[in-house]
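Input: a single structure, listed below in structure tokens.
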Amino acid sequence: MAVTKIIGAAVKRKEDPRFITGTGQYTDDVRVAGTLHMAILRSPHAHARIRRIDATRARQHPGVVGVFTGQDLKAGGVNPIPVGWLLPDIKIGPHFPLAVDRARYVGDGVAAVVADSAAAAKDAVELVAVDYEPLEPAVDLERAIEAGASQVHDEAPNNVAFVFKVGGGDLDKAFAEAEVVVKQRILNQRLIPNAMEPRAALAQYDVGKGELTLWNTNQNPHIIRLLLALTLGFPEHKLRVVSPDVGGGFGSKIYLYADEVVACFASMKLGRPVKWFEERRENYVATVHGRGHVTDVEAAAKRDGTILGMRVRTLADMGAYLSPFAPLIPTFLYVPMLAGPYTMQAVHGEVLGVYTNTTMVDAYRGAGRPEATYLIERVVDLVAREVGLDPAEVRRRNVIPPFTNHQTPIAYMYDSGNYPESLEKALKLADYDRLRKEQADLRRQGRYIGIGLATYVEVTGAAPAQVAASLGAQAGLIESAIVRVHPTGKVNVYTGSHSHGQGHETTFAQLVAGQLGIPLDDITVVHGDTAAIPWGAGTYGSRSQPVGGAAIYHATERVIDKGKKIAAHLLEASEDDVVFEAPQYKVKGVPDKAVTFQDVALEAYWPRRIPMELEPGLEANAFFNPSNFTFPAGTHVAVVEVDAETGDVAMRSYVAVDDVGRVINPMIVDGQVHGGIAQGAAQALWEEAVYDERGQLVSGSMMDYAVPTAEMLPPFQVGRIEVPTPVNPLGAKGAGETGTIASTAAVANAVIDALAPFGVKHIDMPLKPEKVWRAIRQAQTAGR
């Protein structure tokens, strides 16, 4: 793809004016005449048998038009929500949209009340009486798989949903040759996504046409439509899913949720539109969580810092049910990435997916790759500490040299990269040598700064579809686009990728503007409506530009090719002699003989000179199925200061150098990186979903769950290198998750580095002041 003035330019986002003026349209802003409102009664128990539900008082409440239970939905033909990624011998506990026999986590839907106002529905849902028989919950991840633990599902003995093992290289040889072996138990705590807009749904069943429309805040309307059709047993061609403006997702809005199915069922039964909107407290218990790993890792290394191999065993929390894509996250997005950006030749990973009586766990920004990166980067620092080398030097000795197509020991072939360059550039931007000198000087004064590195690689743009299907995907991970040119040369771009904050309406318009040579304002990007777009797997896993953008590129090229046929007749030249130099079609060797793209567009719809046999119109569609994943990479450097008296951690500075391939809009990429750093640093220092032994979420609101504010973070210094991928014509690798993947490890490593004088080698996240303070005191006591 050629670089133009518009491609690669820091263009302000086209969609922002409506967002900052409050004129965007989110799901809850959609108004349909006659809309009813729904409230969900949620279980207060983590595990309980449902003996009886009495909705008499609720039905009698003023304004109530319907009450539905799990038995009603089951009798009405509603199926369990499908699992969208299947692994060998997976044990699936059925997930009905409303609990039928047992409630399996605090927040599990038990009944739904539909009324003529939201207030009436909320009041009435409290009148539904449920006779519960509380059961012992399985909450702790490690205890849940022990003999005698309470069973979440009868279908999954010992609460094990799946066992996933994969490895490569001669691990026995690696450990036999090892001069150093480091072992560590590492926790990757559960997180709550906290999208700005909670989930919402508005279902409208057209009785006359037998058609169902769902407006829904989601990241992938076509996948939602497919899953909804399977769950309801409803014909897909009569089902439309519209996802208007979406206020953030971070992975939590990829899935079909129970509440949306219930709203659709209620609309079909009542013959009126039904709206449901999630409150923030509901969001904390009913929307999926992320992460949730307990890992034992063992690494083999040489005294010179060379890492030979690694053995990993992870327990991955699945929560009470398998969310549609939950089995993918701790398996193919985690274990094959355990080799990281390093030359180690032997890696083996085993993952147990474990049911617990807690909220479901699925993708959260980065999804598997932050967990892998955190594990690897902690290991690298542990090796550095053990052999007495600087952490930067250990990375220098282990990173893969510059390459195109590097085969890792586990499955994946990295597309392209220059890991030494990004490492050295990050160290230079951070002024690493000066920082180490400053650190030594401050330690003599009783002050403790820490410098943390994370050298990472991640996997994005899941592909090809055939490979994904062989690994368990139950839907095609391909992308489509339509580029429709109007008679005046204005353009609509229809994409299956769906924005929830990424800036697609700008970057995709830049892409087409660069190819066609037309003004950015002449292009409108349409997304989020299954009635307008043939197919789309949506937006997650940083796939929008590498997959969705590539589909748009191909469709635009087909428009240019069709225009060449038209231009040939206008120029009275052979088609072979016509070239497109945006925005004009020209005759080779006769530069003054040209027509504009707009001239061609008009002729396409108002034929005057083209022959009858040439089909009129100017539009094209394309599907893109990549030949491989893409692999962004880079190095981040975090600097923190720890108060040894209080344990408080303050971030001082942060440097990020990433390779995301070809960049369409650097300002938008910078924004993505900034947001990702904030989320990753928050996991390292503050955020944590905490359950008590009865399965109650004790961090169930923003009063108890520490979402960071801007004043808690330093300015970020962002740099880039650009190694285009050969996988797609754009050379783009994806940029939406890089900051999150690297920053958790970089910040955690910085804190542990600050505590090195005390002998502290590891603390599990989040590194809150009390935890840091206790680690210092315990180390001091042990030292004495």
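The values are calculated or read from the model by the stated rules, or taken from the named source; none is laboratory data. It should be emphasised that the depicted structure is a prediction, and the values quoted were computed from it without experimental measurement. Glycine gets a Cβ as well: all are built from the backbone with ideal geometry, and neighbour counts include every protein chain shown. Heads up: the accessible areas ignore ligands, DNA and RNA and are worked out on the full protein's heavy atoms, side chains in. Shrake-Rupley method; radii C 1.70, N 1.55, O 1.52, S 1.80 Å.
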If you take the residues in the stretch 263-285 that are buried (at least 24 other Cβ atoms within 10 Å of the Cβ) and under 25 Å from the mean Cα position of the chain (by Cα), which one is nearest to ASP206 (Cα to Cα)? TRP276
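Condition test on GLU603, is it open to solvent by 60 Å² or more (accessible area, probe 1.4 Å) and not aromatic (Phe, Trp, Tyr)? First the steps, then the outcome.
Working: open to solvent by 60 Å² or more (accessible area, probe 1.4 Å): no; not aromatic (Phe, Trp, Tyr): yes.
In short, no.
Select, from TYR585, TYR553, the only residue that is touching a strand residue (DSSP E or B) at 6+ places or on another chain (Cβ under 6 Å), crowded, with 20+ Cβ neighbours inside 10 Å and modelled with pLDDT of 95 or more.
Exactly one of TYR585, TYR553 is touching a strand residue (DSSP E or B) at 6+ places or on another chain (Cβ under 6 Å), crowded, with 20+ Cβ neighbours inside 10 Å and modelled with pLDDT of 95 or more, namely TYR585.
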State whether one or more residues within the stretch 200-221 are over 30 Å from SER243 (Cα atoms) and crowded, with 17+ Cβ neighbours inside 10 Å. no
Considering only the stretch 370-387, how many residues are basic (Lys, Arg) and open to solvent by 10 Å² or more (accessible area, probe 1.4 Å)? 1
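Filtering the stretch 15-73 down to residues that are in a helix (DSSP H, G or I) and open to solvent by less than 30 Å² (accessible area, probe 1.4 Å), which residue is nearest to ALA121 (Cα to Cα)?
Taking the candidates together, the pick is ALA58.
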For the stretch 395-409, what are the residues that are in contact (Cβ under 8 Å) with a residue 40 or more places away in the chain and surrounded by 19 or more Cβ atoms within 10 Å (Cβ to Cβ)? ARG395, ASN398, VAL399, ILE400, THR408, PRO409
Lone qualifier among ARG185, ARG143, ARG190 - being within 30 Å of ARG280 (Cβ to Cβ), among the basic types (Lys, Arg) and either modelled with pLDDT of 95 or more or surrounded by 15 or more Cβ atoms within 10 Å (Cβ to Cβ) (or both): ARG190
Which one is farthest from GLY680 (Cα to Cα), of the residues in the stretch 734-757 that are over 28 Å from the mean Cα position of the chain (by Cα) and open to solvent by 10 Å² or more (accessible area, probe 1.4 Å)? PRO757
Checking TYR374 against (1) in contact (Cβ under 8 Å) with a residue 24 or more places away in the chain; (2) in contact with a Phe, Trp or Tyr (Cβ under 9 Å, 6 or more places away or on another chain); (3) closer than 22 Å to GLY305 by Cβ; (4) among the aromatic types (Phe, Trp, Tyr), only one condition comes out false. Which one? (2)
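Do the conditions hold for ALA750, that is, is it of a type in the set (A, V, I, L, M), closer than 16 Å to LEU191 by Cα and either modelled with pLDDT of 95 or more or in a strand (DSSP E or B) (or both)?
Values: of a type in the set (A, V, I, L, M): yes; closer than 16 Å to LEU191 by Cα: no; either modelled with pLDDT of 95 or more or in a strand (DSSP E or B) (or both): yes.
The answer is no for ALA750.
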Failed item in (1) part of a loop (DSSP other than H, G, I, E, B); (2) farther than 21 Å from LEU232 by Cβ; (3) open to solvent by 20 Å² or more (accessible area, probe 1.4 Å), with ILE7 passing the rest: (3)
Checking GLY472 against (1) modelled with pLDDT under 95; (2) open to solvent by 10 Å² or more (accessible area, probe 1.4 Å), only one condition comes out false. Which one? (2)
Condition broken by TYR456, with the remaining ones in (1) farther than 22 Å from GLY548 by Cβ; (2) open to solvent by 10 Å² or more (accessible area, probe 1.4 Å); (3) touching a residue at least 12 places away in the same chain (Cβ under 8 Å) satisfied: (2)
What pairs can you find where one residue is in the stretch 720-742 and under 20 Å from ALA638 (Cα atoms), the other is open to solvent by less than 10 Å² (accessible area, probe 1.4 Å) and acidic (Asp, Glu), and their Cβ atoms are less than 6 Å apart, with a gap of 6+ or different chains? ARG720/ASP658; ILE721/ASP659; THR738/ASP658; ILE741/GLU458
Please work out if MET318 is in contact (Cβ under 8 Å) with a residue 40 or more places away in the chain, in a loop (DSSP other than H, G, I, E, B) and touching a Gly at 6+ places or on another chain (Cβ under 7 Å). no
Checked against (1) modelled with pLDDT of 95 or more; (2) in a loop (DSSP other than H, G, I, E, B), ALA462 satisfies every condition except (1)
Among LYS122, LYS91, which is the only one that is at pLDDT 95 or above, surrounded by fewer than 17 Cβ atoms within 10 Å (Cβ to Cβ) and touching a strand residue (DSSP E or B) at 6+ places or on another chain (Cβ under 6 Å)? LYS122
Would you mind stating whether LEU232 is within 19 Å of TRP535 (Cβ to Cβ) and crowded, with 18+ Cβ neighbours inside 10 Å? no
When you scan the stretch 483-524, how many residues do you find that are farther than 14 Å from ILE560 by Cβ and outside any strand (DSSP E or B)? 23
Flagged in the stretch 100-119 as touching a helix residue (DSSP H, G or I) at 6+ places or on another chain (Cβ under 8 Å), under 26 Å from GLU693 (Cα atoms) and either surrounded by 20 or more Cβ atoms within 10 Å (Cβ to Cβ) or aromatic (Phe, Trp, Tyr) (or both), in numbering order, are TYR105, VAL106, GLY107, GLY109, VAL110, ALA111
Restricting to the stretch 475-503, give me the number of residues that are open to solvent by 10 Å² or more (accessible area, probe 1.4 Å) and either farther than 30 Å from SER743 by Cβ or out of contact with any His (no Cβ under 9 Å at 6 or more places or on another chain) (or both). 15
Please go through the stretch 299-315 and pick out each residue that is open to solvent by 20 Å² or more (accessible area, probe 1.4 Å), part of a loop (DSSP other than H, G, I, E, B) and more than 18 Å from ASP170 (Cβ to Cβ). ARG303, ASP304
Criterion violated by VAL760 - all others in (1) surrounded by 23 or more Cβ atoms within 10 Å (Cβ to Cβ); (2) farther than 30 Å from GLU479 by Cβ satisfied: (1)
How many residues does the stretch 625-640 hold that are in contact with a helix residue (DSSP H, G or I) (Cβ under 7 Å, 6 or more places away or on another chain) and open to solvent by 10 Å² or more (accessible area, probe 1.4 Å)? 1
